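Chemist: Just dropping this structure here.
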Amino acid sequence: MLVSASALVAGPAQAELKPSSPEAIAAAVADCWQATNATALDEAALKAKGWQAGSVQTTDGKPVPSAMTFLGKKGSDVVIMVSKQVDPRGCTVTSRVGSIEAITPAAREIYKQIQPLEPKLEVKQPTPAEVAYFALPKAALLRPSGTKDKPGVTIQVSYSAAEKK
């Protein structure tokens, strides 16, 4: 998989991708959710589900060093980003959507795919544009991204350690 240098910023990266279905976005979020744990993201679990590390290159083919790992899946335009420095236990899913109106079906589908994994899953809307999914210690936050002409979604999946008393 090849990821353009613009993939370092979610908006420009999404401009290069084709829109994904709500089901494809939600499946990637569910894969991240299952790989997120207390110690470190289980990248082997993601690879077992077909996610492969991509290379980051400039438009003229030169490698770009990155602290992030970009994962893609054959036949999918959804990208999973992993940063061991920023969030070693979680990952971020990013994808274009066909329209701003397509964000709501994606948010609903994420719930449909995570809820069987987490029967006590709660959904909240911290702002009118964001949707948060909680089954602590795991959480995910969906935010709109991209541009008005090429909208997208970014979903941060994370693991919060229990507070020590």
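The values are calculated or read from the model by the stated rules, or taken from the named source; none is laboratory data. Remember, predicted model here, so these are calculated numbers, not experimental data. With ideal geometry, Cβ positions are generated from the backbone for all residues, glycine too; neighbour counts draw on all protein chains shown. In case anyone asks, the SASA skips ligands and DNA or RNA and just uses the protein heavy atoms, side chains included. Shrake-Rupley method; radii C 1.70, N 1.55, O 1.52, S 1.80 Å.
Chemist: What residue, of ASP31, ASP60, is of a type in the set (D, E, K, R) and surrounded by 14 or more Cβ atoms within 10 Å (Cβ to Cβ)?
Modeler: Checking each option against the conditions leaves just ASP31.
Chemist: Further question: Can you pull out every residue in the stretch 88-97 that is at pLDDT below 95 and either over 12 Å from ILE155 (Cα atoms) or more than 14 Å from the chain's Cα centre (by Cα) (or both)?
Modeler: PRO88, ARG89, listed by residue number.
Chemist: Tell me, please, whether a residue that is of a type in the set (Phe, Trp, Tyr), assigned to a strand (DSSP E or B) and in contact with a strand residue (DSSP E or B) (Cβ under 6 Å, 6 or more places away or on another chain) can be found in the stretch 68-75.
Modeler: yes
Chemist: Taking the stretch 77-98 on its own, how many of its residues are open to solvent by 40 Å² or more (accessible area, probe 1.4 Å) and either more than 17 Å from ALA139 (Cβ to Cβ) or touching a residue at least 24 places away in the same chain (Cβ under 8 Å) (or both)?
Modeler: So the answer is 6.
Chemist: Let me ask you something else. Hey, can you tell me all the residues within the stretch 63-74 that are open to solvent by 60 Å² or more (accessible area, probe 1.4 Å) and either modelled with pLDDT of 90 or more or closer than 24 Å to ALA129 by Cα (or both)?
Modeler: Passing the criteria: LYS73, LYS74.
Chemist: Any residue that is in a loop (DSSP other than H, G, I, E, B), farther than 23 Å from GLU16 by Cα and of a type in the set (Val, Ile, Thr) - is there at least one of those in the stretch 110-122?
Modeler: no
Chemist: If a residue has to be surrounded by fewer than 16 Cβ atoms within 10 Å (Cβ to Cβ) and either touching a residue at least 12 places away in the same chain (Cβ under 8 Å) or assigned to a strand (DSSP E or B) (or both) to count, how many in the stretch 127-143 make the cut?
Modeler: 4
Chemist: Moving on. Is there any pair linking a residue in the stretch 112-123 that is open to solvent by less than 50 Å² (accessible area, probe 1.4 Å) to one that is assigned to a loop (DSSP other than H, G, I, E, B), with Cβ under 7 Å and at least six apart or on different chains, and which?
Modeler: ILE114/LEU121; LEU121/GLN115
Chemist: While we're on this one: Going through the stretch 31-63 one residue at a time, which ones are assigned to a helix (DSSP H, G or I), more than 14 Å from VAL93 (Cβ to Cβ) and of a type in the set (Gly, Ala, Ser)?
Modeler: ALA44, ALA45, ALA48
Chemist: Confirm whether ALA28 is touching a residue at least 24 places away in the same chain (Cβ under 8 Å), touching a Lys or Arg at 6+ places or on another chain (Cβ under 8 Å) and part of a helix (DSSP H, G or I).
Modeler: yes
Chemist: Something else now. Being open to solvent by less than 30 Å² (accessible area, probe 1.4 Å) and over 25 Å from ALA38 (Cβ atoms) narrows it down to one of GLU101, GLU109, so name that one.
Modeler: Just one listed residue meets the conditions, GLU109.
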